[in-house]
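*Asks:* Submitted below is the structure of interest, expressed as structure tokens.
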Amino acid sequence: MPSIVSYQKIITEYTTYKLNEPRDLQGSSLATELCEIDGVTYVSVPDGVALPPQPAEITVVPVVLTDALREQIKAVSPHSRLIGQRMIDTIRAAYSIDDEMYFARIGVGAANGLYVPAASEMEELATFGVFVEGVRDWGRSERAKLGL
């Protein structure tokens, strides 16, 4: 699983000091800047990738993710938000919001003993559930690639 590091960018009159990211042979960054929260920048670094020497002006700190910090990063990170939007788009390509509400009403009604669904409704609900859980698994997998 990738690690997450944090640091504070230092901006002077003439220079901005930021993380020297590890790069591949083509010069592309191997790290992913996730977001900035309260002046602290969070960066995902893949397993097995070492950070190159850093400017003396910044201090890179390994992050221990608490549940609260993970949720904060997920809420602010454009990468995480894009994953969430792609999940929604994938579901909406197959099911409308009205479909989803229909299945929610069936599920809540059945769970509370207020409604006895027909066998065909239960089959549709199960198919929907399997599909949505597959999409959610994909989203979790993509966030895990970022260390989230």
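*Asks:* At a threshold of 8 angstrom on Cα-Cα distance, excluding pairs fewer than six apart, so keeping six or more, what relative contact order does segment 1-56 reach in percent? Show your work: numbers first, answer last.
*Replies:* On the way: 88 pairs, mean separation 23.5, N = 56.
Here the relative contact order equals 42 percent.
*Asks:* Another question, if that's okay. Suppose a student asked you for the relative contact order of the chain, using Cα pairs under 8 Å spaced at least 6 residues apart; what percent would you report? List each step's numbers first, then the result.
*Replies:* Numbers: 169 pairs, mean separation 40.6, N = 148.
Computed value for the chain: 27 percent relative contact order.
*Asks:* If neighbour count is taken as other Cβ atoms inside 10 Å, put Ser120, Ser44 in order from fewest to most. Numbers along the way, then the final one.
*Replies:* Numbers: Ser120 8, Ser44 22.
Least to most surrounded, the residues fall as Ser120, Ser44.
*Asks:* Another one. In whole Hz, what ³J(HN,Hα) sequence does segment 23-37 give by Karplus (6.51, -1.76, 1.60; θ = phi - 60°), x for Gly and Pro?
*Replies:* With coefficients 6.51, -1.76 and 1.60, one gets 10, 7, 5, 8, x, 7, 5, 9, 9, 10, 6, 7, 4, 10, 10 Hz.
*Asks:* Among Thr32, Leu69, Thr15, which residue has its Cα furthest toward the positive end of the charge dipole of the chain, with +1 on Lys/Arg Cβ and -1 on Asp/Glu Cβ?
*Replies:* Thr15
*Asks:* I want the local charge near Phe128. Using Cβ-Cβ distances under 14 Å, sum +1 for each Lys or Arg and -1 for each Asp or Glu among the other residues. Show your work: numbers first, answer last.
*Replies:* Working: positive: Arg92, Arg105, Arg136; negative: Asp98, Asp99, Glu100, Glu121, Glu123, Glu124, Glu133.
Surrounding charge for Phe128 is -4.
*Asks:* Additional query: Per DSSP H run of at least 4 residues, take -39500 (n - 2.57); add these up for the chain, divide by its residues and hand me the 222 nm value, nearest 500 deg cm²/dmol. Walk me through the numbers on the way to the answer.
*Replies:* Numbers: 4 runs with 68 residues, N = 148.
Value at 222 nm, helices only: -15500 deg cm²/dmol.
*Asks:* A follow-up question, please. Can you list the residues, at least 5 places off or on another chain, whose amide H is less than 5 Å from the amide H of Tyr115, using H built in the peptide plane?
*Replies:* Ala110
*Asks:* Once you charge only the Cβ atoms, +1 for Lys and Arg and -1 for Asp and Glu, what is the size of the charge dipole of segment 1-128 about its Cα centre, to the nearest 20 debye?
*Replies:* Dipole of segment 1-128, to the nearest 20 debye: 260 debye.
*Asks:* Same structure again: Calculate the dipole size of segment 22-84 relative to its Cα centre from +1 charges on Lys and Arg beta carbons and -1 charges on Asp and Glu beta carbons; express the result in debye to the nearest 20. Walk me through the numbers on the way to the answer.
*Replies:* Values: 4 positive and 8 negative charges, 30 e Å.
So the magnitude is around 140 debye.
*Asks:* Now for a different question. Taking amide hydrogens as modeled 1.01 Å from N in the peptide plane, which residues meet the under 5 Å criterion relative to Ser3, leaving out close sequence neighbours?
*Replies:* Answer set, sorted by chain and number: Val45, Asp47.
*Asks:* Can you find, among Gly84, Phe103, Leu114, the residue sitting farthest towards the positive end of the charge dipole of segment 79-144, where Lys and Arg contribute +1 and Asp and Glu -1 at Cβ?
*Replies:* Gly84
*Asks:* Related question: Local charge sum around Ser96 (other residues, Cβ-Cβ under 15 Å, Lys/Arg +1, Asp/Glu -1)? Working shown, then result.
*Replies:* On the way: positive: Arg92, Arg105; negative: Asp89, Asp98, Asp99, Glu100, Glu124.
Spelling it out: positives minus negatives among the neighbours equals -3.
*Asks:* Any chance you could run the full-extension gain for Val64 through Asp98? It's 0.36 nm times the residue separation minus the Cα-Cα distance, nm to one decimal. Mind showing how you got there, number by number?
*Replies:* Working: separation 34, 0.36 × 34 = 12.24 nm, distance 4.04 nm.
Computed gain between Val64 and Asp98 is 8.2 nm.
Bear in mind these aren't lab numbers, they're just calculated from the coordinates by the rules spelled out. What you see is a predicted model; the values in this text were computed from it and never measured. Neighbour counts are summed over all protein chains in view; Cβ atoms, including those assigned to glycine, are modelled from backbone coordinates with ideal geometry.
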